[in-house]
Amino acid sequence: MPKLPLLDPKLDVIFKRLFAEAPDLLADLINAVRSDEPPIVELQVLNPQIAPEELTGKFIVLDILARDLTGQLFNIEMQTRNHAGWPSRSLYYLARNLGRQLQGGEGYHQVQPVIGIHLMDFDLFGEAQACWAFELRDRQRPEVRLDRSLQLHLIELPKADRLHSQAGSALADWVAYLKHWQEDNLMQSIESPAVQKARERLQALSADDEAQRLAFVRERALRDEVTEKAEAEAKGRAEGRAEGEAIGQAKGQANTLRRQLQIKFGELPDALEQRLQTASEAELTAWAERVLFAEGLEQVFSG
């Protein structure tokens, strides 16, 4: 019997099923990314469900929102494409989760940190570094931190996989899982119990008819989104070329008419120069016909 192909854990709907339904795996992934922070013991996933409209909606992000026992909020996303405006969008949603914490009459001391973790299957920065941690710090003295209320961790998966800078670490195991989930020999060599459990969950999801259907629907929606974007960009380029050609043609027509006028009547007043620069194609054509018979500039530009 042929071996069942595994679904891609980087597909956002599969990523969310894998980790939102297994908070212990999500906690292990967060701890791997934030290895210099106190480990998370337990997590509550606040948005485990996937609405039907999220599978087919344009520019929908199937994120995971979770809270630990101390009240810290975590927003975990898998990104496979670099969207325009992505940094602003990411900060906006982190700030919105921060602002939603307080009810009427509550004090600011009750605000808990909101921590974003974005796993990106593309290189975002032109630097060798693959793992980034952003906070509110002073520009001149980055060792001085204003607050920990907003934090954003970015992991560039292709770069982290190529660099192997943290080989043997928990994060390296998760990066290997997300990038090489189809390579049995490599997967079997990973000793992490959490990663091995994630492998088992992925195998179970890949054998589930409903999970396969959701993955197909989501992949089709993402392909349609890419196709529509490419078509819109191609149309914009074509319209831009046509507009540029029209502008260039009008400019050339205006330059030819200017030379004819200067030969016949001498230098043009500034006001007429301005009219030449802003004239329509029809106006330039009419003036070019009149210049052949006009005895003065006023006869060319009259009417």
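Those strands (runs of 3 or more DSSP E) of the range 17-113 in which 3 or more residues are among the aliphatic types (A, V, I, L, M) and surrounded by 19 or more Cβ atoms within 10 Å (Cβ to Cβ) occupy 73-79. For ARG162, the requirement of being among the basic types (Lys, Arg) and either modelled with pLDDT of 90 or more or not assigned by TED's automatic domain parsing to the domain that holds VAL61 (or both) is not met. Flag: SER35 does not match the condition of being out of contact with any helix residue (DSSP H, G or I) (no Cβ under 8 Å at 6 or more places or on another chain) and either in contact (Cβ under 8 Å) with a residue 12 or more places away in the chain or not basic (Lys, Arg) (or both). Just for the range 258-278: of the residues that are surrounded by 15 or more Cβ atoms within 10 Å (Cβ to Cβ) and at pLDDT below 80, which one is farthest from the chain's Cα centre (by Cα)? Among residues in the range 258-278 that are surrounded by 15 or more Cβ atoms within 10 Å (Cβ to Cβ) and at pLDDT below 80, the one farthest from the chain's Cα centre (by Cα) is PHE265. Here the range 172-206 is the region considered, the condition is being assigned to a helix (DSSP H, G or I) and polar (S, T, N, Q), and the residue that is nearest to the chain's Cα centre (by Cα) is SER206.
Can you find a residue that is in contact with a strand residue (DSSP E or B) (Cβ under 8 Å, 6 or more places away or on another chain) and either touching a residue at least 60 places away in the same chain (Cβ under 8 Å) or basic (Lys, Arg) (or both) anywhere in the range 82-101? Looking through the range 82-101, at least one residue is in contact with a strand residue (DSSP E or B) (Cβ under 8 Å, 6 or more places away or on another chain) and either touching a residue at least 60 places away in the same chain (Cβ under 8 Å) or basic (Lys, Arg) (or both). Being surrounded by fewer than 17 Cβ atoms within 10 Å (Cβ to Cβ) and touching a helix residue (DSSP H, G or I) at 6+ places or on another chain (Cβ under 9 Å), is that true of even one residue in the range 144-163? Within the range 144-163, one or more residues are surrounded by fewer than 17 Cβ atoms within 10 Å (Cβ to Cβ) and touching a helix residue (DSSP H, G or I) at 6+ places or on another chain (Cβ under 9 Å).
If you go through the range 122-171 and keep only what is closer than 22 Å to LYS10 by Cα, more than 18 Å from the chain's Cα centre (by Cα) and among the hydrophobic types (A, V, I, L, M, F, W, C), you end up with ALA160, LEU163, ALA167, ALA170, LEU171.
The values are calculated or read from the model by the stated rules, or taken from the named source; none is laboratory data. Treat the numbers as computed from the prediction; the structure is a model and nothing was measured. When we count neighbours, we look across all protein chains shown, and the Cβ atoms used for this are built from the backbone with ideal geometry, even at glycine.
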